[in-house]
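Everything below concerns the one structure shown next.
The values are calculated or read from the model by the stated rules, or taken from the named source; none is laboratory data. These numbers were taken from a predicted model, which means no experiment stands behind them. No Cβ is skipped: glycine too gets one built from the backbone with ideal geometry, and neighbour counts run over all protein chains shown.
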Ligand SMILES: [Zn+2]
Ligand SMILES: [Zn+2]
């Protein structure tokens, strides 16, 4: 047996089962998901420098915000997503979100870690927080997938995870609403947990984790809350997936 194989056997003593497709595999860049599945993800490299979403067709000018961010600059400092919410990656993410599959937070958490290292490591983040889910919804689904992701990421980089925001409005699914209605739906939706003290995020750099950025309304509204009500210094957003901005 070659030395390299021997070492591989030591590191990967037995084949692992891919959490996405169920196939056994020897090795993958990301724990818990095989290379074949990863190859089907559309990872975001070039994106809008503000909202971090893929722009279709791509902007030729680098550092040029997408039309949506030009029309209304979002309140957060900077956002980034790992992959585009489409095709196979979308199916796996939906399984994580609705299918009682908290185990998928392992591979997704690792992907977030890669992007964190590339885009956020030098931003002096103080706290990592999840977008909160309304209590009733969380009880029904069993877990808040964004909290799972945020906790995984915080554990990997040794940063403080704080799950102290509450979602006090059980909003309608936002994708069914117009932009104006989405904003109204989320107005006053967030609150800080009792006894936490409003100054906990004052003058701090906060990284907000969510599973999907669809229209950006949730990211904007939670940033508003962090800036206006809690005096945060900087707010950054990192999501596993995002819906691309399509220019007609
Ligand atoms: Zn697989
Ligand atoms: Zn944008």
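For residue 56, the stated conditions do not hold, so it cannot be described as outside the structural domain of residue 201 (by TED's automatic domain parsing) and either loosely packed, with under 14 Cβ neighbours inside 10 Å or farther than 17 Å from residue 208 by Cβ (or both). Looking across segment 220-234, the residues that are assigned to a helix (DSSP H, G or I) and touching a residue at least 24 places away in the same chain (Cβ under 8 Å) come down to 220, 221, 222, 223, 224, 225, 226, 227, 229. For segment 33-51, taking the residues that are farther than 18 Å from residue 90 by Cβ and surrounded by fewer than 19 Cβ atoms within 10 Å (Cβ to Cβ), the one that is nearest to ligand 2 (Cβ to nearest atom) is identified as 49.
With respect to being within 21 Å of residue 55 (Cα to Cα) and free of Cβ contacts under 8 Å to residues at least 12 places away in the same chain, residue 248 fits the description. Of everything in segment 32-51 that is out of contact with any helix residue (DSSP H, G or I) (no Cβ under 8 Å at 6 or more places or on another chain) and under 17 Å from residue 238 (Cα atoms), the residue that is nearest to ligand 1 (Cβ to nearest atom) is 43.
Any residue that is under 30 Å from residue 139 (Cα atoms) and surrounded by 13 or more Cβ atoms within 10 Å (Cβ to Cβ) - is there at least one of those in segment 59-77? Taking every residue of segment 59-77 in turn, at least one turns out to be under 30 Å from residue 139 (Cα atoms) and surrounded by 13 or more Cβ atoms within 10 Å (Cβ to Cβ). Please go through segment 1-31 and give me each residue that is more than 9 Å from ligand 1 (Cβ to nearest atom), surrounded by 17 or more Cβ atoms within 10 Å (Cβ to Cβ) and either within 21 Å of the chain's Cα centre (by Cα) or modelled with pLDDT of 95 or more (or both), ordered by number. 30 - this is the single residue of segment 1-31 that is more than 9 Å from ligand 1 (Cβ to nearest atom), surrounded by 17 or more Cβ atoms within 10 Å (Cβ to Cβ) and either within 21 Å of the chain's Cα centre (by Cα) or modelled with pLDDT of 95 or more (or both).
Okay, residues lined up against (1) in a helix (DSSP H, G or I); (2) in the same structural domain as residue 153 (by TED's automatic domain parsing); (3) at pLDDT below 95; (4) buried (at least 18 other Cβ atoms within 10 Å of the Cβ):
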site	(1), (2), (3), (4)
198	no, yes, yes, no
201	no, yes, yes, yes
207	no, yes, no, yes
210	no, yes, no, yes
218	yes, yes, yes, yes
236	no, yes, no, yes
241	no, yes, no, yes
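Taking the criterion of being in contact with a strand residue (DSSP E or B) (Cβ under 7 Å, 6 or more places away or on another chain) and at pLDDT below 95, the only residue of segment 97-122 that qualifies is 97.
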